[in-house]
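Read through the structure below, which is laid out as structure tokens, and then see the notes.
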Amino acid sequence: MRGSQEPRIRVEPCRFASDGDDAADLMAAYGYPLDEWQESVVNCWLGTDEAGSYVVTSAGLALPRQNGKNVCLEAREFYGLVINGEKILHTAHQVKTAKKSFRRLAAMFTDKRYPEITDIVKHIRYTNGEECIELDNGGVIEFSARSRQAARGFDGISLVVFDEAQELTDDQLEAIVATLSASATGTRQMIYTGTPPYPGCPGDVFRRRRTMCLSDPSTHDCWHEWSVEAKSVDDIEAHDRDLWYMTNPALGIRLSEDFTSEEYRTMSKDGFCRERLGWWSPILTEVQETAIDAALWEKCASTEMKPDGKTAYGVKFSPDGLLVTLCGAVIPSDGRKPRISMIEQRPVVQGTKWLADWLNARYGKCSCVVIDGRNGVDVLVDRIGDTWKAKGSIIKPTARDMIAAVSNLTESINDGSLTWYREQTALDESAKTSIKRKIGAGWGFGGPDATPIEACALALWGAKVSKRDPNRTMRIG
């Protein structure tokens, strides 16, 4: 017997052709033949439209451990490097996982039995945490453990791999996805591979992507999953060996029934069902906790004119890269409550020149500007850098800073020690619909459009922590 080569869940967009067979042939030619199920997955990932462009821009692969999902990644990466000359960023939750993937791929490029492959290698960097393979055709793959800084300095990436995707957080995703914005080839693809999240798992991106693909997939989404379906672990007959073969395509090929039997006797039922049978438990982490108490927020509303005092601005680029929001905060010099205010929100496609011009015109009257988000941050900083020369006048917050800014704002709302302008509907909706988004050991704002309240939090935090105060009267807007 061998494991099922067909996934229980298959979501695939229509395609005209595929480079998948070529990728499989390439792997086989260099001693790494694919299983039937692996060929099927790679065929989808490399499916093309009539113009020859890859159809899939976001791919998900979920199956139990040790079945060979990394071979699918190696086939995609090897073909992308050798044939397409792509620039690839391979990320994992742990350094050791990223290093292991690097070593497996590097072995293919250093095998002396295949000089036609070793001859196209320009450079291989083995430095811990900076592993990289670079080819003469321009193909480059960088390996990195995920962090908010993991994607810094990577330009023109066309493929991002999220290995151990069950651990991927929104904060990491926002930082890394920005690398796709400047792809020279125009090809952009993200691949998420992993196992079902465990209870208390810090990442919810993988679960959210799965839910989206199963309920409302776009014409560029795909999802492949080997799993058992059940509302409760009590509904699963974990001892049923037919279930073992249904959920593990490598069982009988690389996985043995004896080893699986030992796992069954050793692990908890919940752990066995999740890790070996691919069970997605309907855990409570999907419940979204409101970030701001609506009643307390309402009590902070004011129709009074904006006060004069120490001023700071907050700029937030939305996680999807579509919007940029500008907000301001004033700490009055006469002891009144600080005021937060939304100033402008525009599509990122309109560029950032308008924003740079607006900020530059107010440099002499403002303590600092705090800028956070994905696409556009560095461009904006470059555009205002010649004007905003004072030390600390431009702040790019860390994750810890964002946690502090959100905590400061919510505490100010809870104790009624700030005001916001009641007529600003967009800010009002942003505050009331915001949910808690996990960031490291703390949390930030999330939701359908959290950028206005996030930008306000940055502005208020900037006004409080900045040591710079031009000490000039002004009004936001």
Quick one: residue 214 ticks every box in (1) modelled with pLDDT of 95 or more; (2) under 30 Å from residue 53 (Cα atoms) except a single one, so which number is it? (1)
Matching residues in segment 342-356 - criterion: being surrounded by fewer than 22 Cβ atoms within 10 Å (Cβ to Cβ) and outside any helix (DSSP H, G or I): 343, 344, 345, 346, 347, 351
Picking from 241, 276, the residue that is closer than 26 Å to residue 90 by Cβ, basic (Lys, Arg) and at pLDDT 95 or above would be 276
Restricting the search to segment 196-210, which residues are at pLDDT 90 or above and either in a helix (DSSP H, G or I) or surrounded by fewer than 23 Cβ atoms within 10 Å (Cβ to Cβ) (or both)? 205, 206, 207, 208, 209, 210
Selected residue [more than 20 Å from residue 308 (Cβ to Cβ) and touching a Cys at 6+ places or on another chain (Cβ under 7 Å)] from 351, 376, 392: 392
Residue tally, condition part of a loop (DSSP other than H, G, I, E, B) and surrounded by 17 or more Cβ atoms within 10 Å (Cβ to Cβ), over segment 14-29: 2
Scan segment 233-247 and tell me whether some residue there is closer than 30 Å to residue 16 by Cα and in contact with a helix residue (DSSP H, G or I) (Cβ under 8 Å, 6 or more places away or on another chain). no
Is it true that some residue in segment 300-315 is assigned to a loop (DSSP other than H, G, I, E, B) and within 30 Å of residue 177 (Cβ to Cβ)? no
So which residues in segment 119-138 are of a type outside the set (A, V, I, L, M, F, W, C) and over 20 Å from residue 100 (Cα atoms)? 119, 122, 136, 137, 138
Residue check, residue 181 against (1) part of a loop (DSSP other than H, G, I, E, B); (2) surrounded by fewer than 20 Cβ atoms within 10 Å (Cβ to Cβ); (3) modelled with pLDDT under 85, all met but one. Which one? (1)
Within segment 316-330, can you find the residues that are surrounded by fewer than 21 Cβ atoms within 10 Å (Cβ to Cβ) and assigned to a strand (DSSP E or B)? 323
Identity of the residue in segment 219-247, surrounded by fewer than 17 Cβ atoms within 10 Å (Cβ to Cβ) and touching a residue at least 60 places away in the same chain (Cβ under 8 Å), that ends up farthest from residue 258 (Cα to Cα): 219
As an exercise: evaluate residue 394 against (1) surrounded by fewer than 23 Cβ atoms within 10 Å (Cβ to Cβ); (2) in contact (Cβ under 8 Å) with a residue 40 or more places away in the chain; (3) more than 20 Å from the chain's Cα centre (by Cα) and give the number of the one condition it does not meet. (2)
Which of the residues that make up segment 295-314 are aliphatic (A, V, I, L, M) and closer than 12 Å to residue 339 by Cβ? 301, 305, 312
Starting from residues that are surrounded by fewer than 17 Cβ atoms within 10 Å (Cβ to Cβ) and without any contact (Cβ under 8 Å) to a residue 60 or more places away in the chain, keep the ones in segment 364-380 and report whichever is farthest from the chain's Cα centre (by Cα). 379
Pairs only if they're at least six apart or on different chains, beta carbon under 9 angstrom, first in segment 2-14 and within 16 Å of residue 72 (Cα to Cα), second modelled with pLDDT of 95 or more and hydroxyl-bearing (Ser, Thr, Tyr); list them, first residue then second. 5/40; 6/40; 7/40; 7/227; 10/40
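The values are calculated or read from the model by the stated rules, or taken from the named source; none is laboratory data. Fair warning: this is a prediction, and the values are worked out from it, not measured in the lab. Virtual Cβ from ideal backbone geometry, glycine too; neighbours counted across all protein chains shown.
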